[in-house]
Amino acid sequence: MKHIISPSILAADFANLGAEIEKINASQAEWIHLDIMDGVFVPNISFGFPVIRHIRKYTEKILDAHLMIVNPDNYIEQFGDAGIGYLTVHYEACTHLHRTLQKIHSCGMKAGVAINPHTPVNLLSEIIQDADLILIMSVNPGFSGQKFISNTYGKVAQTKELLRQKNANAIIEVDGGIDLTNAPRLYELGAGALVAGNTIFMSNDPINTIYQLKCE
Ligand code: DX5
Ligand code: ZN
């Protein structure tokens, strides 16, 4: 399986965002990860549509948006119009998750479901066939630069098994504290996409770090 890398620009230098995106453009990363935070679902606020629209003009990469917001349904159309490819909502933030995923699809995007570190994988059993992506959080969402939580390995394996049982084919993405030490095992267990913020943007050579993170 292909190993997709999704650099999280939350760790980029926002005063030089154009140059940061150009590094990603020149790399083998397939996606760009956009962390959208509202200060309610998570204890942090990040950025919104004006920034996303500028990024969209600057890159051909697929935009992988991770919504850490309450009431994501209110903004789905706007994310579609902003050129998002994968729109991921949190299981914990959606009362009518099935309807939310349908709405994402009807706005022309792929639909993802994210779960927090405390949320068991088996809660996805009735929705996994409707998702294009399952995002396993390997830190508590809100900040980049946190330590990888090691029970994520088991959750990736459980998700892979659930996909098999349900004959479903969502991509498994893992987000938080990803580096060169945990990436190989995550791929082995079934991850198809890895998000990395600090590891890429704090590197002296982000393009090479992305290449290494792919482990291909
Ligand atoms: C955390 C975000 C992550 C974060 C990853 O809430 O969802 O995408 O930016 O950053 P690192 O790789 O530095 O943990
Ligand atoms: Zn994220």
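The values are calculated or read from the model by the stated rules, or taken from the named source; none is laboratory data. Because the structure is predicted, anything quoted here is derived from the model rather than measured. Glycine also receives a Cβ, built like all others from the backbone with ideal geometry; neighbour counts cover every protein chain displayed. All accessible areas refer to the heavy atoms of the entire protein, side chains included, with ligands and DNA or RNA removed. Shrake-Rupley method; radii C 1.70, N 1.55, O 1.52, S 1.80 Å.
A simple rule links phi to the HN-Hα coupling: the Karplus curve 6.51 cos²θ - 1.76 cosθ + 1.60 with θ = phi - 60°, which for region 195-201 gives 9, 9, x, 3, 4, 7, 7 Hz, with x for Gly and Pro. Taking a span of 18 Å or more along the helix axis (Cα atoms) and a mean Kyte-Doolittle hydropathy of at least -1.0 as the rule, the DSSP H helices of the chain that qualify are 152-165.
Would you please classify the overall shape of region 4-214 from the alpha carbon gyration tensor, given that a ≥ b ≥ c denote the square roots of the eigenvalues, rounded means a/c under 1.5, and beyond that prolate means a/b larger than b/c while oblate covers the rest? Oblate. Remark: the chain carries 45 Å² of accessible area per residue (probe radius 1.4 Å; ligands, DNA and RNA excluded).
Summarising the strand pairing of the chain, around 5 percent of its internal DSSP beta bridges are antiparallel. Here the alpha carbons of region 15-104 define both size measures, Rg and Dmax, at 13.5, 40 Å. Phi angles across region 71-86 convert, under the Karplus curve 6.51 cos²θ - 1.76 cosθ + 1.60 with θ = phi - 60°, into 3J(HN,Hα) values of 6, x, 3, 5, 10, 4, 4, 5, 5, x, 5, 7, x, 6, x, 10 Hz, Gly and Pro given as x.
Just the protein heavy atoms count here, and of the accessible area of the chain at 1.4 Å, carbon and sulfur take up 49 percent. Evaluating kT/(6 pi eta Rh) at 10 °C and 1.306 mPa s, with the Kirkwood radius of region 59-143 over Cα pairs in the Stokes-Einstein relation, gives 123 µm² s⁻¹.
Over 18 Å between Cα atoms: which of 23/57; 2/57; 110/155; 2/160 fall into that group? As for pairs spanning more than 18 Å Cα to Cα, those are 2/57; 110/155.
Here region 92-126 is scanned for amide nitrogen atoms under 14 Å from the site 7 Å beyond the Cα of residue 78 along Cα-to-Cβ, giving none. Charge tally around residue 91: other residues with Cβ under 13 Å, Lys/Arg +1 each, Asp/Glu -1 each, net -2.
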